[in-house]
Amino acid sequence: MLTTGQGSKLFYSNGTQFFIKGVAYQQNAGGGGNVTGSSYIDPLSDATICSRDVPLLQKLGTNVIRTYAIDPTKDHSQCMAMLQSAGIYVISDLSEPNTSINRDQPAWNTPLYSRYTSVVDELLKYDNVIGFFAGNEVTNQKNNTQASAYVKAAVRDIKAYVKTKTNRWVGVGYAANDDSDIRADLFQYMASRFRAYERRVTRRSAPEGHGLDKRLTSCIELWRSELIDRFSWI
């Protein structure tokens, strides 16, 4: 069983490093893993499909699958049990086609927070869930790097939320695209430590309703300033 992540590495409970052999597992996913259309097929809610696919994933030597959109109102127990028996872990995106951080009109607000935490609540009960993505290739070119401030806010808040729900290690991160013009600076921005003010905000619990929106405003402005400083061509 995985117990910890240190930097970019994962480890088993005995200290042995865990190397991901992963498969993107989602129907109707387009380029970059983006789920196409306004509806989506939850790949972990249909036991018939999972019973067909899990043995094939085993034959491939898969030890991790990534799902891009799941329905937190559905039952995932059968598929998750099959995957666990096969020694396969799960990393899931928190968004869905109609509820995600939009690079053209970015926001991090109460509806998004509710969607993301509902996925955490549903999947965190399974021990073979090892991580969540708060965004998928949201920033993909020079003219939309401002959206990264909202992704960073989402990662921060979901990390804090996960810590209130479990004592075991669960990663929360962001799936970036491989664009040579922005990848290095974007990595540095996403990996940079929060300022003292932002750390204080992180320790506060998320309030109900629109309080979350108000809390985020000043914090995101700080991150946007940092982002503009780092990306000189904005």
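Name the residues in the range 73-82 that are surrounded by 19 or more Cβ atoms within 10 Å (Cβ to Cβ) and either in a loop (DSSP other than H, G, I, E, B) or not aliphatic (A, V, I, L, M) (or both), would you?
Within the range 73-82, His76, Cys79 qualify.
Looking only at the range 55-72, filter to residues that are in contact (Cβ under 8 Å) with a residue 12 or more places away in the chain and in a helix (DSSP H, G or I); which one of those is surrounded by the most Cβ atoms within 10 Å (Cβ to Cβ)?
Leu57
Quick check, is Lys159 surrounded by fewer than 19 Cβ atoms within 10 Å (Cβ to Cβ), modelled with pLDDT of 90 or more, in a helix (DSSP H, G or I) and of a type outside the set (S, T, N, Q)?
Working: surrounded by fewer than 19 Cβ atoms within 10 Å (Cβ to Cβ): yes; modelled with pLDDT of 90 or more: yes; in a helix (DSSP H, G or I): yes; of a type outside the set (S, T, N, Q): yes.
For Lys159, the condition - surrounded by fewer than 19 Cβ atoms within 10 Å (Cβ to Cβ), modelled with pLDDT of 90 or more, in a helix (DSSP H, G or I) and of a type outside the set (S, T, N, Q) - is met.
What pairs come up if the first residue lies in the range 162-181 and is farther than 22 Å from Ser100 by Cα, the second is in a helix (DSSP H, G or I) and of a type in the set (A, V, I, L, M, F, W, C), and their beta carbons are under 8 Å apart, counting only those six or more places apart or on different chains?
Lys165/Val120
Among the residues of the range 83-98, is any over 18 Å from the mean Cα position of the chain (by Cα), surrounded by 21 or more Cβ atoms within 10 Å (Cβ to Cβ), in a helix (DSSP H, G or I) and not basic (Lys, Arg)?
yes
The values are calculated or read from the model by the stated rules, or taken from the named source; none is laboratory data. It should be emphasised that the depicted structure is a prediction, and the values quoted were computed from it without experimental measurement. Every residue, glycine as well, gets a Cβ built from its backbone with ideal geometry; the counts of neighbours run over all protein chains shown.
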